[in-house]
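Structure record follows, encoded as structure tokens.
Nothing in this text is a laboratory measurement; each read-out follows from the coordinates by a stated rule. This structure is a prediction, so every number in the text was calculated from the model and none was measured. FYI the Cβ positions are ideal-geometry reconstructions off the backbone, even for glycines, and counts take in every protein chain you see.
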């Protein structure tokens, strides 16, 4: 089955700095890679996703890059703000049919004002 | 995005009792829903895949007789924790997705979660 590794487990940055979270996956057939943000005690919420037919996707301060050959993808947050503090999860899955995403272990991002 | 509700949000029960958690897709039909368990500061652990009109598919290590899942309609799935014990205390989250949810066919939308505490 799929195995997703996520690093780092904890990331502490100063407000305004950039933050990068990296994930690797094992199944070359995986073609959908979402990122979720989970605030304490709340539900995970999709913040951005990318499919295997593109290498990069941006949405304001958030971007995701995908390297299919190396089987890794990364989340980039620029100009971080205290409200970006949360746990971020990456996931990998196959599209179509009964997909079951595999989640990374999560990264606790702390943005210091 | 799609809306998934979950009820109750928080429940405290005595050891040995059963607890039912409901997961509803409010504005779309979900043929498949997923149930996760999450321990503090840990990732989402998939427990089972709930299929409308058929038996749930449980992940390895998850006791199907302890965690009963029923997906009676396209908008409702229930998880019943039977004979709950303190070690069952956790955060339980459901999710649903698909193109009918307004997503791209693969996006999952999560419920708000249920905090279960077994005394």
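Each Cα pair of the protein assembly as shown feeds into the Kirkwood radius, which the Stokes-Einstein equation turns, at 25 °C and 0.890 mPa s, into a diffusion coefficient of 135 µm²/s.
Under 14 Å from a label point 7 Å along Cα→Cβ of residue A:53: give me every residue in region A:67-95 with its amide N that close. Flagged as within label range: A:95. Here the contact order of chain A, divided by its residue count and restricted to Cα pairs under 8 Å and six or more residues apart, works out to 36 percent.
I need to check one value: relative contact order of chain B, counting alpha carbon pairs closer than 8 Å and at least 6 residues apart, in percent.
Contact order relative to length: 36 percent.
Kirkwood radius for region B:1-57, taken over all pairs of different Cα atoms as the inverse mean of 1/r, rounds to 13.4 Å. Sorting B:106, A:17, A:49, B:65 from the fewest to the most surrounding beta carbons within 10 angstrom yields B:65, A:17, A:49, B:106. The ranking of B:47, B:33 from fewest to most other beta carbons within 10 Å of each one's beta carbon is B:47, B:33. Average projection, convex hull of the Cα set of region B:15-119: 6.5 square nanometres.
Exposure proxy for B:35, A:35: other Cβ atoms within 10 Å of each Cβ, ordered fewest to most, give A:35, B:35. Using every pair of separate Cα atoms, the Kirkwood estimate puts the hydrodynamic radius of region A:28-99 at 13.0 angstrom.
Between the C-alpha center of region A:65-113 and that of region B:32-60 there is a gap of 20 Å. Over region B:35-85, the fraction of Cα-Cα pairs per 10 Å bin, rounded to whole percents and listed from the shortest bin up, is 25, 52, 22, 1.
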